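The values are calculated or read from the model by the stated rules, or taken from the named source; none is laboratory data. Being a predicted model, the structure only gives us computed values, none of them experimental. Cβ sites come from the backbone with ideal geometry, for glycine too, and all protein chains shown count toward neighbours. Areas reflect the complete protein model, heavy atoms only, side chains present, ligands, DNA and RNA absent. Shrake-Rupley method; radii C 1.70, N 1.55, O 1.52, S 1.80 Å.
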Amino acid sequence: VLERGVTTLWLTTSLFHQMVEGALDLLSGVRQLLTGGDVLPVPQARKFIERYPACRFVNCYGPTENTTFSTSIAIEAIPASVMAVPIGRPVANSRAYILDRFLHPVPVGVPGELFVAGDGLAIGYLNRGELTGEKFVTVADGALPAGRMYRTGDLARWRPDGTIDFLGRMDDQVKIRGFRIEPGEIEAVLQRHPAIREAAVCARPYAGGDKRLVAYCILKGETACTEDDLKGHIRASLPPYMVPSAFVFLAEFPRNPNGKTDRAQLPDPDAESADAGPQEEELSPIETALAEIIAGILGRTRVGAEDDFFALGGHSLLAMQVVSRIRDNWLVDVPLSSLFEFPTVRGLAQVIETKLLDQIEKLSDDEAEKGNG
């Protein structure tokens, strides 16, 4: 950003969160910043505005089906009492409607489903006529203009000032790092594995507000099955972003009174059992400090010297935090690519040690030149 002199920047909500927490200084030259793709976190938004009050900060909302922004709002301040940032008003040539279950407009302040329309509206889904008919609808209501609109599945309400509050999803769909994911798709793939009797997939918060997919599995009888087995099974059918980063094996699922899985009662992944690596191993001082940094970023109690950062649930946004913390701790710049090339504590520690030795040699050479002068 600084090297290229970027003045207008678009960041997904997840990346905005990571930049504010780990690389806020890099945004100093930005004069307009737009973000969207998920719920804007209030603490990070407030932190950015307080640091860069002159920057035009815009929160955007919109599904791909309406190409791509449907609403937006420029945010100048967030009062202490505010718990959520609105998603604004429809952008030019776009329209937004909030309807009840009978597809009639709801009054101001009443929650309903958000529908969007306008010049950016897609024709439909390629070769998926049934889904197109379900999601792209024409509403017969005299209070609405004629034409097609897209039902987002998002719960929203009008504010008195004409802006829109986003209240959450109406179905089980979740969004992780900008990807919309149906947990049911992952569950269906898991349940095709011969060792799985039942599966449930949820999005759980971790690592400073980020979210990850957690798969809960009940095995058939005494069948042996490992986390790696299941990850490989899922990768054969689904894209990488749909592979859960944690697996929890249970004897039974908690149930609600009607016998369905009570997802709210499913346990958080046990960090002790999920953490890989031997419990006792020789680590250098740099490896020890680096392991603590990575464990904190991944939301784990510990990380072993040979544990793979990405296999433990790490991704590029969290990798930025690792690189930033290395810079703060050792005052060396480690390229982001180094973490992809050396994803273990031991490998990355060697990169840091090499950088430190290079700095020491350079200082020695500088001192020698001064002495000769």
So the angle from the long Cα axis of helix 13-22 to the longest Cα principal axis of the chain, reported in degrees to the nearest 10, equals 30
Stokes-Einstein translational diffusion, the stretch 10-141 - Kirkwood Rh over all Cα pairs, 0.692 mPa s, 37 °C, in µm²/s = 198
For the chain, with only Lys/Arg (+1) and Asp/Glu (-1) charged at the beta-carbon, what is the dipole magnitude about the Cα centre, in debye rounded to 20?
-> 1860
The answer for the net charge of residues other than Thr7 whose Cβ lies under 11 angstrom from its Cβ, with Lys and Arg +1 and Asp and Glu -1, is +3
Label point distance in nm, Glu341-Arg128, each placed 7 Å from Cα along Cα→Cβ = 3.9
Taking the convex hull of the alpha carbon atoms in the chain, what volume per residue do you get, in Å³?
-> 195
In straight Cα distance, which lysines are under 18 Å from Lys220, not counting same-chain residues fewer than 8 positions off?
-> Lys231
Grab the Cα-Cα distance for Thr67 and Asp328, subtract it from 0.36 nm times how many residues apart they are, and report the gain in nm with one decimal.
-> 90.0 nm
Anyone know which of Val201, Val91, Val39 comes out most mobile in the 10 Å Cα GNM of the chain?
-> Val91
Student exercise, the stretch 1-131 dipole from Lys, Arg, Asp, Glu Cβ charges, in Debye to nearest 20 | 240
Cβ-Cβ cut-off under 12 Å around Lys211, Lys and Arg +1, Asp and Glu -1: the net charge is +2
Low-density loop trypsin sites (Lys or Arg not before Pro), the stretch 1-83, at most 15 other Cβ within 10 Å, DSSP non-H/G/I/E/B, are Arg4, Arg31
Residue by residue, what Karplus-based ³J(HN,Hα) values in Hz, rounded to whole numbers, does the stretch 160-166 have, using 6.51, -1.76 and 1.60 with θ = phi - 60° and x for Gly and Pro?
-> x, 7, x, 8, 10, 9, 8
For the chain, which whole-number percentage of the solvent-accessible area (1.4 Å probe, protein heavy atoms only) is attributable to carbon and sulfur atoms?
-> 53
Note: Tyr241 to Phe102 extended length (0.36 nm per residue) minus current alpha-carbon separation gives 46.5 nm
Highest GNM mean-square fluctuation among Thr301, Thr261, Thr12, for the chain with Cα springs under 10 Å, belongs to Thr261
Translational D (Stokes-Einstein, µm²/s) of the stretch 77-124 at 37 °C and 0.692 mPa s when Rh comes from the Kirkwood sum over C-alpha pairs?
-> 253
In degrees, nearest 10, the alpha-carbon axis of helix 42-51 is tilted away from the dominant principal axis of the alpha carbons of the chain by 60
Considering the dipole of the stretch 60-188 built from charges on the beta carbon (Lys and Arg +1, Asp and Glu -1) around the Cα centre, which of Pro79, Gly112, Gly129 is farthest to its positive end?
-> Pro79
Hz values of 3J(HN,Hα) by residue in the stretch 318-335 - Karplus curve (6.51, -1.76, 1.60), Gly and Pro given as x | 5, 4, 4, 5, 4, 4, 5, 5, 4, 4, 5, 6, 10, 6, 10, 9, 9, x
Provide the net charge surrounding Ser324, with neighbours chosen by a C-beta distance below 13 Å and charges set as Lys +1, Arg +1, Asp -1, Glu -1.
-> -2
Listed by chain and number, the lysines with an alpha carbon less than 26 angstrom from that of Lys135, same-chain partners under 8 positions apart left out, are Lys175
Putting +1 on Lys and Arg Cβ atoms and -1 on Asp and Glu Cβ atoms, find which of Thr35, Leu363, Thr67 reaches farthest to the positive end of the dipole of the chain.
-> Thr67
Given 233-242, 355-364, 178-187, 114-123, the highest-first ranking by average Cβ count within 10 Å works out to 114-123, 178-187, 233-242, 355-364
Positive-end residue of Gln321, Ala140, Pro244, charge dipole of the chain with Cβ unit charges | Ala140
Output the peptides 158-171, 340-353 sorted from most to least packed, where packing is the average of other Cβ atoms within 10 Å over each peptide's residues.
-> 340-353, 158-171
Could you tell me what percent of the DSSP beta bridges with both partners in the chain are antiparallel, to the nearest 5?
-> 75
Sort the following peptides by mean Cβ neighbour count (other Cβ atoms within 10 Å, averaged over residues), highest first: 327-333, 70-76, 312-318.
-> 312-318, 70-76, 327-333
Computed ³J(HN,Hα) along the stretch 173-185: with the Karplus parameters 6.51/-1.76/1.60, θ = phi - 60°, integer Hz and x for glycine or proline, the list is 4, 10, 10, 10, 6, x, 8, 7, 10, 9, x, x, 5
Which part of the stretch 158-193 falls in the paramagnetic zone of Leu219, meaning amide N under 18 Å from the point 7 Å along Cα-to-beta-carbon?
-> 190-193
Using only alpha carbon pairs under 8 Å that are at least six residues apart, calculate the relative contact order of the chain and give it in whole percent.
-> 10
Quick one: accessible area per residue over the chain, 1.4 Å probe, rounded to a whole number of Å²?
-> 53
